[in-house]
Amino acid sequence: MIVGGRRREVLEKTGLDFVVLDTRDRASIASAAAEVTGRFPQLNVVINNAGVQRRHDFSVHVNEREIAEEIETNIMGVIGMVTAFLPHLKSKPSATIINVSSGLAFVPMARFPVYCATKAFVHSFTVSLRHQLKNTKVRVIELAPPWVATDLGAGHTEAEPGRGPMPLDAFIEAAMKDLASDAEELAVAGAKFLYGAGVGEKFAEVFEQMNP
């Protein structure tokens, strides 16, 4: 396994092979893709997991810098990573792209309006990418987590209805089990509640629960 991220000191602590990578920077993505595929030519799985989550209240104030950071990371980062790694993945006998969205892609939590919208983009983009690559050997999977106990969830000062964050180790176990299936859209644990509401008739009811 190779991990990528902006902070070398954090990557070094994982004990894994790593590459320093900023998904907001196309040159950084290109450099990382060249380095990784050169060092690990058998690489056949790419997981797009980078994400930024910010609170915004458009009725009070708009922070355009923070909004741009969310969009650059959560949307352009995914597109950039897919674009950079796809030629290599298509050369493999079999390969997989996993795009991590969120349960909030399907029912937004309004205090995170940009984050939720970017994750809705990831869902839509992944559906289209899967369709475009259906005649290739590249499988495209969407993984939608619930609220997980990570640094990203620090902005959740209130629990989702009836729920606290899912422990990270429990999420990893559940996600790995789901990834072993043939499904291409995977809503893990508590995210199933939001996924079902987002595509069903209960949307208005669940939206009110999420946004009292």
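One line per residue, one yes/no per condition, for (1) surrounded by 21 or more Cβ atoms within 10 Å (Cβ to Cβ); (2) part of a strand (DSSP E or B); (3) of a type in the set (Phe, Trp, Tyr):
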| position | (1), (2), (3) |
| --- | --- |
| Val46 | yes, yes, no |
| Ala50 | no, no, no |
| Ile67 | no, no, no |
| Phe85 | yes, no, yes |
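Of the listed requirements (1) assigned to a helix (DSSP H, G or I); (2) within 20 Å of Leu43 (Cα to Cα), Ile141 misses just one: (1).
So is Ala30 assigned by TED's automatic domain parsing to the domain that holds Val127, surrounded by fewer than 16 Cβ atoms within 10 Å (Cβ to Cβ) and assigned to a helix (DSSP H, G or I) or not? So Ala30 does not fit the description; no.
Taken over region 94-117, the criterion of being over 23 Å from Gly164 (Cα atoms), of a type outside the set (A, V, I, L, M, F, W, C) and within 15 Å of the chain's Cα centre (by Cα) is satisfied by Thr96, Asn99. Residues that are within 17 Å of the chain's Cα centre (by Cα), surrounded by 14 or more Cβ atoms within 10 Å (Cβ to Cβ) and at pLDDT below 85 do occur in region 136-147.
Let's see how each residue does on (1) over 22 Å from Ile75 (Cβ atoms); (2) modelled with pLDDT of 85 or more:
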site: His123; (1), (2): no, yes
site: His156; (1), (2): no, no
site: Met166; (1), (2): yes, no
site: Asn211; (1), (2): yes, yes
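Close Cβ contacts (under 9 Å, 6 or more residues apart or on different chains) running from residues in region 6-25 that are under 15 Å from Asn49 (Cβ atoms) and of a type in the set (A, V, I, L, M, F, W, C) to residues that are in a loop (DSSP other than H, G, I, E, B) and at pLDDT below 95 comprise Leu16/Met1; Leu21/Arg6; Leu21/Ala50.
The values are calculated or read from the model by the stated rules, or taken from the named source; none is laboratory data. Remember, predicted model here, so these are calculated numbers, not experimental data. For neighbour counting, all protein chains shown are included, and Cβ atoms are generated from backbone atoms with ideal geometry for every residue, glycine included.
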